[in-house]
């Protein structure tokens, strides 16, 4: 998991000293091996990703209600329907609110945790593991814990118990959208699940910063603490930060489980995937409109990702630093 | 790393062999994972879908009945989670669709050719069924499903709590609003209408004297009295007199048995558990009348067996449904009375069901007969969801009830137009 191991291996004299493996096979053998190793993955990719995307694109031009093998071609009607559909447009707004909340908060928290864990000199491995562990929990399970014990509306729910000590009345965190406490529930569950993983990424990056830089900064008179962090650490984490933000955005786009499990039978708080789920697999089973929505969403994600790459320089390599 | 470098093994060969094995293993697994127990049965495999019943022992019971059938191997999918409909609906489009499944009678299943005509197996025993159940399963003169259980839904209330607050069981919606306020303390909430408040939408409509649809399949729920009733639900919601975000939802009796609430909307299925937990300290009442011309109401829900019209083993599936839900009265009785309480739709069974003849259960049967509203097959899932949106907008979000009903009208009318032209 940590980069220190990888670096250790790369530099180990044993690896450098090993004689090269003799090549016994020709080009054909190598091609075969290439397919052998990539084959299973590629097959999975084609069957579970590309074929469904292609099928979805096909469905989006048909009137496909209660069927996935439609016959009535209707051109761009599904696209018009989805783009003029308030619910779909609202779902994009919901997503924007969600991303605006969850991305910066997770970024800040995981960076903060990484700095703390990087600093401590004892039980580092323990804290690293403890913060990373929630990553292994499924979103569904975590949502249920959040819903039924942490943020349950009854007096013995964890959050309500704590508030009760200060004389605050029980709050219906999820049922009542005024004020929208449900955002607190949704953002905290994702925060708990994700920040450990991004902490590890930041930790790896922190450990990659050459100590000479800090020494030079100290000699130049940089004060330890904020100044060093602002002018040495943060610029050195630029590439990792960009990657983390990109990953967080992608994950936010894919958000489904917690919304689906926490907000039942509402008309609010539905990000695009949940809205599309209800369109395609809900009571209407309108696979055509659902697919059109999925296509629009895919296009949007592509555009946003490309724009972000352009703005933040992700993937341009070292020379941008 | 270094171990791999130092060895003289031809690791490509090893990997290739390993992958070959894995692939073969995978194929073998596909071959054997066909739901057949092996040995018994004539070779036909049937799959049945059930939503996860909450009562202990139900899953084992369903599997036990299936195992006793010797003409086919019946495997059971016990679908947990709150979205049985979507799982069922999407499965019905695929090759892995269940041959037999439970659901409620809804006309779109018939119109889209998803359920098979079961008239021939029900016709001979038609007179032994509750006629309201036969009616709700009859579309275009054919009977499409076999009712397994009837489930009246009503309010349970804690007698002691009402006595302490000095109130009588409410008979009008205004009284319920008042009772909710009086019964709410720092420890106990007044009323539990479900976390989403949607379970009482239909009873609310009926309690004003209106209905979901009229005889001509036109919207009948959009009245001033219903809008008014929604406003009253909103009052209880806003004032904090409703139990919300409970760990177990309305269909589970935990809220009332754990003393979280004084009055809870639930079903007759929970009666044995509630009586065991609370003893005599519980009574039942229908949804109170609301507005002028209102009448108390009870939801007569329930579950029925359907056969997938596209099943590869259509005849065998029908045969199985006939065997279990028409012929095997012993199992039908066990299913209705041994776990939760349900009213058997078979008149002969209902008459001999001693467990339903005394005490609270007898009162439940009385409410079922006197105030119950059965399924209307023309009221489809899309329409149900549309009214759930009304509750979300008008009761939970606090928007205008009229606007929410207008919004639902558009969805329902589009649906009605599709179904009836």
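The values are calculated or read from the model by the stated rules, or taken from the named source; none is laboratory data. Bear in mind that the values here come from a model prediction, so they are computed numbers and not experimental data. Neighbour counts are summed over all protein chains in view; Cβ atoms, including those assigned to glycine, are modelled from backbone coordinates with ideal geometry.
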Study note, to complete from the structure: When residue B:363 is run through (1) over 21 Å from the mean Cα position of the chain (by Cα); (2) closer than 22 Å to residue B:303 by Cβ; (3) at pLDDT 95 or above, the failure sits at (2)
Point to revise | Qualifying residues in the stretch B:65-116 (those that are part of a helix (DSSP H, G or I) and within 9 Å of another protein chain (Cβ to nearest Cβ)) - the one surrounded by the fewest Cβ atoms within 10 Å (Cβ to Cβ) | key: B:87
Exercise for review: Can you give me the number of residues within the stretch A:144-167 that are touching a residue at least 24 places away in the same chain (Cβ under 8 Å) and buried (at least 22 other Cβ atoms within 10 Å of the Cβ)?
Suggested key: 3
Revision key, fill the gap. Picking from A:95, A:131, the residue that is crowded, with 20+ Cβ neighbours inside 10 Å, more than 14 Å from every other protein chain (Cβ to nearest Cβ), touching a helix residue (DSSP H, G or I) at 6+ places or on another chain (Cβ under 8 Å) and within 16 Å of residue A:262 (Cβ to Cβ) would be A:95
**Study point:** Residue count, the stretch B:200-257 (criterion: within 14 Å of chain A (Cβ to nearest Cβ) and not in a helix (DSSP H, G or I))
**Key:** 14
Check your understanding: If you check residue B:88 against the conditions, is it modelled with pLDDT of 95 or more and under 20 Å from residue B:149 (Cα atoms)?
Key -> no
Exercise for review: Among what's in the stretch B:69-81 and is out of contact with any strand residue (DSSP E or B) (no Cβ under 8 Å at 6 or more places or on another chain) and in contact (Cβ under 8 Å) with a residue 40 or more places away in the chain, pick the residue that is farthest from residue A:141 (Cα to Cα).
Suggested key: B:71
**Study point:** Residue selected from the stretch A:139-169 under the condition assigned to a loop (DSSP other than H, G, I, E, B) and within 23 Å of residue B:82 (Cβ to Cβ), by the criterion nearest to the other protein chains (Cβ to nearest Cβ)
**Key:** A:153
**Study point:** Qualifying residue in the stretch A:128-138 (condition: under 25 Å from the mean Cα position of the chain (by Cα), closer than 23 Å to residue B:396 by Cα and either in a loop (DSSP other than H, G, I, E, B) or in contact (Cβ under 8 Å) with a residue 60 or more places away in the chain (or both))
**Key:** no
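Listed here are the residues, each with its yes/no results for (1) surrounded by fewer than 22 Cβ atoms within 10 Å (Cβ to Cβ); (2) closer than 21 Å to residue B:296 by Cα; (3) at the interface with another protein chain (Cβ under 9 Å from one of its Cβ atoms).
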position: B:362; (1), (2), (3): yes, yes, no
position: B:371; (1), (2), (3): no, yes, no
position: B:377; (1), (2), (3): yes, no, no
position: B:403; (1), (2), (3): yes, no, no
Check your understanding: Scanning for something in contact with a strand residue (DSSP E or B) (Cβ under 6 Å, 6 or more places away or on another chain) and not in a strand (DSSP E or B), does the stretch B:295-306 turn up at least one residue?
Key -> yes
Check your understanding: Would you say residue A:281 is within 14 Å of chain B (Cβ to nearest Cβ), surrounded by fewer than 21 Cβ atoms within 10 Å (Cβ to Cβ) and modelled with pLDDT of 90 or more?
Key -> no
Check your understanding: Right, residue B:103: within 21 Å of residue B:201 (Cβ to Cβ) and in contact with a helix residue (DSSP H, G or I) (Cβ under 6 Å, 6 or more places away or on another chain) or not?
Key -> no
Review point. Do we find that residue B:34 is in a loop (DSSP other than H, G, I, E, B), surrounded by fewer than 21 Cβ atoms within 10 Å (Cβ to Cβ), within 14 Å of another protein chain (Cβ to nearest Cβ) and at pLDDT below 90 in this structure?
Key: no
Review point. Which residue, of A:208, A:178, A:261, A:170, is buried (at least 19 other Cβ atoms within 10 Å of the Cβ), out of contact with any strand residue (DSSP E or B) (no Cβ under 9 Å at 6 or more places or on another chain) and more than 20 Å from residue A:105 (Cα to Cα)?
Key: A:261
Review point. Do the conditions hold for residue A:269, that is, is it at pLDDT 90 or above and surrounded by 15 or more Cβ atoms within 10 Å (Cβ to Cβ)?
Key: yes
Check your understanding: What number of residues in the stretch A:110-127 are exposed (fewer than 15 other Cβ atoms within 10 Å of the Cβ) and either over 22 Å from the mean Cα position of the chain (by Cα) or at pLDDT below 90 (or both)?
Key -> 9
Check your understanding: Scanning for something touching a residue at least 24 places away in the same chain (Cβ under 8 Å), more than 27 Å from residue A:68 (Cα to Cα) and not in a helix (DSSP H, G or I), does the stretch A:274-287 turn up at least one residue?
Key -> no
